[in-house]
Amino acid sequence: MPLPIIETPKYETKLPSTGKKVFYRPYLVKEEKMLMIALESADSKQIMQAVKDTISACTYNKVDPGELPIFDLEYMFLRLRAKSVGEISKLNLKCTSCEKNTRVDVNLDEIKIDVKNLPSGTIQLTDTIGITMNWPKVDLVAEFSDEGDSEKTNKAELAFNIIAGCIESIFDNKRVYPAKDQTKAELHEFLESLNQNQFKKIQEFIEAMPKLEHNVEFECAHCKAKNSLLIRGIQSFFSSPSPTTV
């Protein structure tokens with residue numbers, strides 16, 4: 001005789017990058033177990049894979065996490081966590097005065113990603129030539145981060161590879177050249193042909209990518225000092241981060 005199945009609630013949100021509607025459910029015990037094992041491993045690759053697998057399962061396999069911009073993935077996981085475990089995350093934040101920790105409640109529903117006034121991905125490089133860029137996607141960054149594990153790959157090379165991977169197309173006054181139709185060498189050659197000002201325009205677009213961050217103000221439980229701290233990234237909202245002072 002089959003056991004009864006407990007139905008899970010269904011929620012709706014929008015991806016910050018596109019405004020596309022996404023339906024999702026809370027993660028279940030099996031997914032939480034997978035996440036806990038990954039966190040205990042302290043292996044960043046295993047943690048990211050667990051996050052991706054959880055997002056895929058909880059969006060009914062309608063979302064490919066690897067193809068999401070990084071901030072979309074962080075936002076989506078934050079929503080899952082809020083509906084699965086609760087909207088309040090208890091963080092141990094370090095006081096900038098006495099350096100002792102204070103337990104602070106952070107409402108995850110209050111954390112938003114600011115997508116207002118973002119630069120256009122279409123960048124005019126000359127009067128006749130331009131480029132269309134995408135935000136760095138999860139799998140793209142992971143791919144080149146793996147390369148970065150090698151001592152032979154420096155940060156400049158990593159940044160250059162990621163920028164090349166974010167190219168959607170190059171265009172002139174006659175036609176559009178999709179990046180998927182070009183080789184990696186051809187895209188690198190194009191970027192290397194740019195002058196400093198032209199390349200800076202592309203760098204500024206990448207650097208303007210939205211971030212999952214939240215300013216937390218609290219009074220130290222020990223010395224009563226007032227603190228204003230900026231916390232970033234999904235792991236910071238579920239552990240005891242060392243935030244950046246604002």
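Side notes on the structure shown:
- Helices (runs of 4 or more DSSP H) (entirely within the stretch 1-102) containing at least 2 residues that are in contact (Cβ under 8 Å) with a residue 60 or more places away in the chain and hydrophobic (A, V, I, L, M, F, W, C): 44-58, 70-84
- Qualifying positions in the stretch 135-145 - closer than 21 Å to Val176 by Cβ and surrounded by fewer than 18 Cβ atoms within 10 Å (Cβ to Cβ): none
- The residues of the stretch 128-157 that are of a type in the set (A, V, I, L, M) and either closer than 19 Å to Ser44 by Cα or modelled with pLDDT of 95 or more (or both), listed by number, are Ile129, Ile131, Met133, Val138, Leu140, Val141, Ala142.
- Of the residues making up the stretch 192-215, those that are among the hydrophobic types (A, V, I, L, M, F, W, C), over 14 Å from the mean Cα position of the chain (by Cα) and surrounded by fewer than 17 Cβ atoms within 10 Å (Cβ to Cβ) are Leu194, Phe199.
- Qualifying residues in the stretch 206-246 (those that are part of a loop (DSSP other than H, G, I, E, B) and of a type in the set (Lys, Arg)) - the one modelled with the lowest pLDDT: Lys211
- Of the set (1) of a type outside the set (Val, Ile, Thr); (2) outside any helix (DSSP H, G or I); (3) in contact with a strand residue (DSSP E or B) (Cβ under 9 Å, 6 or more places away or on another chain), all apply to Leu118 but (3).
Each row is one residue, and each column tells you yes or no for (1) under 28 Å from Phe144 (Cα atoms); (2) under 15 Å from the mean Cα position of the chain (by Cα).
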site	(1), (2)
Pro2	no, no
Ile5	no, no
Ser17	yes, yes
Leu35	yes, no
Ile55	yes, yes
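- Scoring Thr13 on the criteria (1) crowded, with 18+ Cβ neighbours inside 10 Å; (2) in contact with a helix residue (DSSP H, G or I) (Cβ under 6 Å, 6 or more places away or on another chain) leaves a single failure, condition (1).
- Matching residues in the stretch 103-124 - criterion: being without any contact (Cβ under 8 Å) to a residue 60 or more places away in the chain and under 16 Å from Ser236 (Cα atoms): Asp105, Asn107, Asp109, Lys112
- For the stretch 80-130, the candidate set comprises residues that are among the acidic types (Asp, Glu) and over 19 Å from the mean Cα position of the chain (by Cα); within that set, the residue that is surrounded by the fewest Cβ atoms within 10 Å (Cβ to Cβ) is Asp127.
- When residues of the stretch 32-79 are limited to those that are closer than 16 Å to Arg232 by Cβ and aromatic (Phe, Trp, Tyr), the one surrounded by the fewest Cβ atoms within 10 Å (Cβ to Cβ): Phe71
- Selection count, the stretch 16-29, where residues are of a type in the set (D, E, K, R), surrounded by 10 or more Cβ atoms within 10 Å (Cβ to Cβ) and over 22 Å from Asp139 (Cβ atoms): 1
- Conditions (1) within 30 Å of Ser89 (Cα to Cα); (2) touching a Lys or Arg at 6+ places or on another chain (Cβ under 7 Å); number of the one not met by Ile123: (1)
The values are calculated or read from the model by the stated rules, or taken from the named source; none is laboratory data. Given the structure is predicted, the values throughout are model-derived calculations rather than measurements. Every residue, glycine among them, receives a Cβ derived from its backbone with ideal geometry; neighbour counts consider all protein chains shown.
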